[in-house]
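K.L.:
Okay, here's the structure, questions in a sec.
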Amino acid sequence: MITRLLSLLTFRTPPFLYWVFTPSLNGFLFALRTTIAACLSLGIALWLELDSPIWAPMTVWSVAQLTRGESLSKARWRIVGTLTGGTAALIFVGIYPQAPWVFFPLIALWIGLCSGLATFVSNFRSYALVLSGYTCAIICMDVIPNTGNIFMFAVSRASYIILGVLCEAFIGLLFAVNQDRLAHIKIRQKLESALTLVADTLYHILKQDTGALTEARNLFGTILSINDQIEFAEVEMGAHGHEGDHARAALAAVSALLSRSFGMAARLALLSTNHKDFDTVVRAFIQFLKTFSERLRKEDEISELLAELQHLRDICRRYATPHRRKVVPAPHMEADIEEASTVITNSALDERILFSSLGDLIGDLEEAITEYHASTHTIRGDHFQFQHHTYRDGRLAFNNGFRAALAILVTSLIYEVTAWSNGNTLISITALICGLFATKENPVLGTVKFLKGLAVAWCVAWLLCFVFIPMVTTYEPLMLILSCAMMIGGLARANPATAPAASAFNLLMPLMLGIQNHHVIDESKFYNTNLAIILSGVTAVLIFRSILPFDSKAEGFRLRKATLRELRNLANLNSTPQISAWIGHSTDRFSRLLRHAPTMTPLVEAGIQGTLATLTLGLNIIRLRHLLNREYLPESARRPITLVLYHIEHASRRHDRAARLTRAAIRRLRELDTQDHEAIIRLEITRALTYLVVVEHTLRTNEDFLDASRPFLGTGFSVFPGHETPHEAALEKA
């Protein structure tokens, strides 16, 4: 009886509210410090009797992020965006103060331009651009009734922003303990994680385990997330050297290492087996990889790791260098053995190809470890700069800019036709929402969740405005009331499942309250103002759903065409391709494919594999181009390689002819390898064969993916032999 009574009294947390009653420590601290900063900024704004004090806590919630590095970075770029937007507002109002049919299209054009340009940059630099767009719109709409005060409006808006940023930075600084040291540790741990994972992947690839390439594909997503976080860790460091540049260089080397591992897997499966010397070196490298993760964490082991890798690389280079074997004449042969032809078996040549490939693989790992070690400490006199290449999508930039501009034109037309007193609020908040989601590849999903957050914010604001706030007349109880709502919003923001809706709640709920120094918002103003805010969310959703809507299949097809177009340009002998640019663009498109796929279907999996196979193909094409530029190859070897590149460049549909020519080039270079050339020439021929083997296999087994004229259906694909569909495997054996 007592047990049953206790069970009835026991409080059970509802599953959908676990983030309120059992938050994580980081989530609770985020909500607490941001709530304190928001209340502090509102108190200072009320004390200074600013005309719109509520914009100060709105700024706090806007710049607050879960990590200090993200918050500081966003705060800096928010100030830049605010100043740029305020300057643009001064110019636009000064040019067309009494010409609405020119003034509104000019603002729409500005917001469209900012949204489009924001697509070309990453992280909070993109945020600064869209912020400059909607800040201009907000200032212009606020000053419409009295354009003569445009300068004061712009200065006051910048004052709110700077006040909110300073309050958030000050409170965040109080919560940050050993921030710079922890940032160094964070970068080191993330790079150690990436290097450990790639070493484990190489271990399984060299052992030719099944599922090794799937593990390598998943690792690309990890690398992309780490690359974005390095910039924020740099901000947390404060004054520092070039540790972040070395960390990005280490991740770029890891990406190159992973892409090279795909080619290594193909060569291991395609070339002849029973290479005793190669197997011995591979076993030594596998043994090295087994203990790699433990030794990497020890500072004094780094030099030994690099020395062992250098030793293994020297062995690979020595075995990859051709050593002629003379034929021993039989008694009945002519005595002049100098005229006897020398022969090298295909097996020996294949072993040299494998050694050349393994040596390059070890070289990439050596470079990654070197850059990792340089990122762990400050190097005096270091001026290293790493340039990170991202894919700039012009079509996506146009779509983003066009949608944002059209949203402003639609709401401006509503304002002009209806003469609604809160029409300027409708335009301002629409510009804000469109700016926040303009650079998203799928803005529909984000704006729908944002609209749900607005609905919750309206309900909470109604409860606070008409029940709790009229009961208080001083600052302290007001902050007590607001802090409860803000804490819940902060906890929701720290929970990934509720974060999009919570962003709308935290950002616009204070605006819905309309808090002023000397009066409380009345019913008429509350309903009119907040109706404009809700309609802004509805307008943004309708615009994003109806104008150039997002289609994951069409987007995947367009990204694939862009990848193949850049691949063909790599084969153009008049271009100057860079490995870093190709890897950066390809991994950027790869990350978009992952974001566009809510579930991993067989078609999506095949598309991801095809993207990575194309990445490997492009890298081997670039390496062939480098061989041609070194001019060691004889003309008889250059001609077939040049012909292969020509047909890859001009093949937009079928690549079977390019594959056949690649096979012919391989046969030709094998014949040339048996002739009496200098060692450097035969070494270059070996390297050319190393790359051509992967090129031929990728062209042959990815025909459908490489056909840019039609959508990819998930057939005709394989990363390396043994991973084909049953029908393709039967053809391969035949």
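K.L.:
On the basis of being in contact (Cβ under 8 Å) with a residue 24 or more places away in the chain, part of a helix (DSSP H, G or I) and over 27 Å from the mean Cα position of the chain (by Cα), does Leu72 make the cut?
P.N.:
no
K.L.:
OK, next. Which residues, taken from the stretch 126-150, are modelled with pLDDT under 85 and in a helix (DSSP H, G or I)?
P.N.:
Passing the criteria: Asp142, Ile144, Pro145, Asn146, Thr147, Gly148, Asn149, Ile150.
K.L.:
If Arg181 meets every condition in (1) charged (D, E, K, R); (2) touching a helix residue (DSSP H, G or I) at 6+ places or on another chain (Cβ under 7 Å); (3) over 29 Å from Ala256 (Cα atoms) apart from one, which number is that one?
P.N.:
Every listed condition holds for Arg181 apart from (2).
K.L.:
Same structure again: Can you confirm whether the stretch 128-150 contains a residue that is assigned by TED's automatic domain parsing to the domain that holds Leu29, in contact (Cβ under 8 Å) with a residue 60 or more places away in the chain, surrounded by fewer than 19 Cβ atoms within 10 Å (Cβ to Cβ) and more than 20 Å from Glu416 (Cα to Cα)?
P.N.:
No, because not a single residue in the stretch 128-150 is assigned by TED's automatic domain parsing to the domain that holds Leu29, in contact (Cβ under 8 Å) with a residue 60 or more places away in the chain, surrounded by fewer than 19 Cβ atoms within 10 Å (Cβ to Cβ) and more than 20 Å from Glu416 (Cα to Cα).
K.L.:
Checking Arg639 against (1) touching a Gly at 6+ places or on another chain (Cβ under 8 Å); (2) free of Cβ contacts under 8 Å to residues at least 60 places away in the same chain, which single condition isn't satisfied?
P.N.:
So Arg639 meets the others, but not (1).
K.L.:
Please give the number of the condition Phe466 fails out of (1) under 44 Å from the mean Cα position of the chain (by Cα); (2) part of a helix (DSSP H, G or I).
P.N.:
(1)
Quick grid of which residues meet (1) on the phi < 0 side of the Ramachandran plot; (2) part of a loop (DSSP other than H, G, I, E, B); (3) assigned by TED's automatic domain parsing to the domain that holds Glu703:
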site	(1), (2), (3)
Ala554	yes, no, no
Asn569	yes, no, yes
Ser575	yes, yes, yes
His585	yes, no, yes
Phe590	yes, no, yes
Leu593	yes, no, yes
Met600	yes, yes, yes
Ala606	yes, no, yes
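K.L.:
Show the residue pairs meeting these rules: Cβ distance below 6 Å; 6+ apart or different chains; first residue within the stretch 476-503 and outside the structural domain of Lys452 (by TED's automatic domain parsing) and part of a helix (DSSP H, G or I); second residue modelled with pLDDT of 90 or more and β-branched (Val, Ile, Thr).
P.N.:
Once the first residue is outside the structural domain of Lys452 (by TED's automatic domain parsing) and part of a helix (DSSP H, G or I) and sits in the stretch 476-503, no partner that is modelled with pLDDT of 90 or more and β-branched (Val, Ile, Thr) comes close enough.
K.L.:
Just to be sure, is Gly446 assigned to a helix (DSSP H, G or I) and modelled with pLDDT of 90 or more?
P.N.:
On the way: assigned to a helix (DSSP H, G or I): yes; modelled with pLDDT of 90 or more: no.
When the stated conditions are applied, Gly446 does not pass them.
K.L.:
Taking only the stretch 45-61 into account, find how many residues are touching a helix residue (DSSP H, G or I) at 6+ places or on another chain (Cβ under 6 Å) and either of a type in the set (A, V, I, L, M, F, W, C) or part of a helix (DSSP H, G or I) (or both).
P.N.:
9
K.L.:
Let me spell it out: the conditions are (1) modelled with pLDDT under 85; (2) assigned to a helix (DSSP H, G or I), and Met509 meets all of them except one. Which number is the exception?
P.N.:
Tallying (1) modelled with pLDDT under 85; (2) assigned to a helix (DSSP H, G or I), Met509 fails exactly one: (1).
K.L.:
Right, next: Can you confirm whether Phe712 is modelled with pLDDT of 70 or more, within 28 Å of the chain's Cα centre (by Cα), crowded, with 20+ Cβ neighbours inside 10 Å and not in a helix (DSSP H, G or I)?
P.N.:
Yes; evaluated as a whole, the condition is true for this residue.
K.L.:
When residues of the stretch 287-305 are filtered for being under 15 Å from Glu366 (Cα atoms) and surrounded by 12 or more Cβ atoms within 10 Å (Cβ to Cβ), how many remain?
P.N.:
Looking only at that region, the number is 9.
K.L.:
Quick check, is Ile36 farther than 30 Å from Ile547 by Cα, modelled with pLDDT of 80 or more and either of a type outside the set (Phe, Trp, Tyr) or outside the structural domain of Ile161 (by TED's automatic domain parsing) (or both)?
P.N.:
Numbers: farther than 30 Å from Ile547 by Cα: yes; modelled with pLDDT of 80 or more: yes; either of a type outside the set (Phe, Trp, Tyr) or outside the structural domain of Ile161 (by TED's automatic domain parsing) (or both): yes.
Criteria met by Ile36.
K.L.:
I'd like the full set of residues that are closer than 18 Å to Tyr415 by Cβ, β-branched (Val, Ile, Thr) and free of Cβ contacts under 8 Å to residues at least 60 places away in the same chain, limited to the stretch 79-118.
P.N.:
Correct list: Val93, Val102.
K.L.:
Mind listing whichever residues of the stretch 114-127 are surrounded by fewer than 17 Cβ atoms within 10 Å (Cβ to Cβ) and of a type in the set (A, V, I, L, M)?
P.N.:
Val121
K.L.:
All but one of (1) within 35 Å of the chain's Cα centre (by Cα); (2) of a type in the set (Phe, Trp, Tyr); (3) crowded, with 17+ Cβ neighbours inside 10 Å hold for Phe103; state the number of the condition that does not hold.
P.N.:
So Phe103 meets the others, but not (1).
K.L.:
Which residues, taken from the stretch 421-468, are among the hydrophobic types (A, V, I, L, M, F, W, C), crowded, with 20+ Cβ neighbours inside 10 Å and in contact with a Lys or Arg (Cβ under 8 Å, 6 or more places away or on another chain)?
P.N.:
Cys434, Ala438
K.L.:
Moving on. Counting only residues that are farther than 30 Å from Trp582 by Cβ and outside any helix (DSSP H, G or I), which one in the stretch 520-552 is modelled with the lowest pLDDT?
P.N.:
Checking each candidate, the answer is Val520.
K.L.:
Still on this structure: Does the stretch 367-387 contain any residue that is within 30 Å of Ala269 (Cα to Cα) and of a type in the set (A, V, I, L, M, F, W, C)? Explain how you work it out, then say what you get.
P.N.:
Taking the stretch 367-387 first, the residues within 30 Å of Ala269 (Cα to Cα) are 367-369.
Imposing the further condition that a residue be of a type in the set (A, V, I, L, M, F, W, C) reduces the set to 368-369.
Yes: one or more hits.
K.L.:
Need the failing condition index for Arg589 against (1) of a type in the set (D, E, K, R); (2) farther than 27 Å from Thr642 by Cβ; (3) surrounded by fewer than 18 Cβ atoms within 10 Å (Cβ to Cβ), just the number.
P.N.:
(3)
The values are calculated or read from the model by the stated rules, or taken from the named source; none is laboratory data. Since we're looking at a predicted model, the values are computed, not measured. Ideal geometry is used to build each Cβ from the backbone, glycine not excepted, and the neighbour counts take in all protein chains shown.
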